[in-house]
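Here is the structure we will look at, set down as structure tokens.
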């Protein structure tokens, strides 16, 4: 069993005097982090706990193999998620801090939350109290309201994508199928996880219609809250169900609410410590993974040597072209540097105000 408290105490005693210093002009890269352990695996990549070597801050690092993303036609989704995460920040979201790449992988470094996702707790047969679920609902409501203000539909609100921090607060993650709509636009794509998708998404797919907007996230949140309270979902829907059968189901099946639930909670649903993760992820990364992260340096060095010794003509020209496009188009991000610039800008603006220089004050206002 991984003992987080003991590990932090040991690291604090041994590493504080040996903290490395990196050039601020240098882009953050893989070498800036110490890989600690694997904690998860999603549809678009794997996740591990990392520590930034210079600041000693802890993060979760998601990494996605470029070749696999190309083969599965997932590059566009990765880029869309990066585009969205670089523009948003909220206390109840899992926020992006850094993004970078190397020859093999694309990396996203995000907030580290150690309370586990709601799916994990459901699988552990945790009985959530009504007060806890109401808290999660409030926090997810604030998160979704913020996303709507930024013109973003998440489209995949479900227990798997709601993470808890060590204090028990909820944070929404995973924006790989999110979309941006502006100026009265409507989304039309069939996107999401079927048991949590709103009826209008299926209806739009079948008949076109007027599409859908932000309200689909509220439906998904309602289904999630019901499941967390009761242990099963209000509708018996599975990935294998056809879209047509689901449209029929929504028109014929009525949801049964527990008589023990308070009326205000039912009314709302009608309108819309320790490391909690599966330890098999760690075993898979260290034993079964064909290209483990902790051996990346040696592997890349061998690949470069091999590439230099063979003809420049690639065995797979198309794959190489795609990899080059990913390399060129990948969006590098550093929230730490962004915040530092904002703080410096505020300090400079404050200095101009204090000097009483009218021109300087106008310039600072114009910059904002």
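Listed by first and then second residue, the pairs linking a residue in region 238-258 that is assigned by TED's automatic domain parsing to the domain that holds residue 225 and within 18 Å of residue 270 (Cβ to Cβ) to a residue that is in a helix (DSSP H, G or I) and at pLDDT below 90, with Cβ atoms under 6 Å apart and 6 or more places separating them unless they lie on different chains, are 257/266.
Identify, from the list 84, 35, 49, 70, the residue that is touching a strand residue (DSSP E or B) at 6+ places or on another chain (Cβ under 8 Å), surrounded by 14 or more Cβ atoms within 10 Å (Cβ to Cβ), modelled with pLDDT of 65 or more and in a helix (DSSP H, G or I). Spell out how you get there, then give the answer.
Working: 35 fails: in a helix (DSSP H, G or I); 49 fails: in a helix (DSSP H, G or I); 70 fails: touching a strand residue (DSSP E or B) at 6+ places or on another chain (Cβ under 8 Å).
Step by step, each of 84, 35, 49, 70 is checked, and only 84 is touching a strand residue (DSSP E or B) at 6+ places or on another chain (Cβ under 8 Å), surrounded by 14 or more Cβ atoms within 10 Å (Cβ to Cβ), modelled with pLDDT of 65 or more and in a helix (DSSP H, G or I).
Could you tell me whether region 96-108 includes any residue that is more than 26 Å from residue 65 (Cα to Cα) and modelled with pLDDT of 95 or more? So far as region 96-108 goes, no, none of its residues is more than 26 Å from residue 65 (Cα to Cα) and modelled with pLDDT of 95 or more. Evaluation of residue 189 against the conditions (1) in a helix (DSSP H, G or I); (2) in contact with a strand residue (DSSP E or B) (Cβ under 9 Å, 6 or more places away or on another chain); (3) surrounded by fewer than 15 Cβ atoms within 10 Å (Cβ to Cβ) shows that the sole unmet condition is (1). So which of 21, 91 ends up being modelled with pLDDT of 95 or more and farther than 19 Å from residue 331 by Cβ? The match here is 91.
Residues in region 113-149 that are outside any loop (DSSP other than H, G, I, E, B), within 20 Å of the chain's Cα centre (by Cα) and over 16 Å from residue 227 (Cβ atoms): 138, 139, 141, 142, 143, 144, 145, 146, 147, 148, 149.
Among the residues of region 113-123, are any surrounded by fewer than 16 Cβ atoms within 10 Å (Cβ to Cβ) and either under 30 Å from residue 258 (Cβ atoms) or at pLDDT 90 or above (or both)?
Checked against the condition, which is being surrounded by fewer than 16 Cβ atoms within 10 Å (Cβ to Cβ) and either under 30 Å from residue 258 (Cβ atoms) or at pLDDT 90 or above (or both), region 113-123 yields at least one hit.
Within region 277-291, does at least one residue satisfy the condition of being within 21 Å of residue 134 (Cα to Cα) and either surrounded by 11 or more Cβ atoms within 10 Å (Cβ to Cβ) or at pLDDT 65 or above (or both)? No; the residues of region 277-291 include none that is within 21 Å of residue 134 (Cα to Cα) and either surrounded by 11 or more Cβ atoms within 10 Å (Cβ to Cβ) or at pLDDT 65 or above (or both).
The values are calculated or read from the model by the stated rules, or taken from the named source; none is laboratory data. Only a predicted model underlies this, so the values are computations on that prediction, with no experimental measurement involved. Neighbour counts are summed over all protein chains in view; Cβ atoms, including those assigned to glycine, are modelled from backbone coordinates with ideal geometry.
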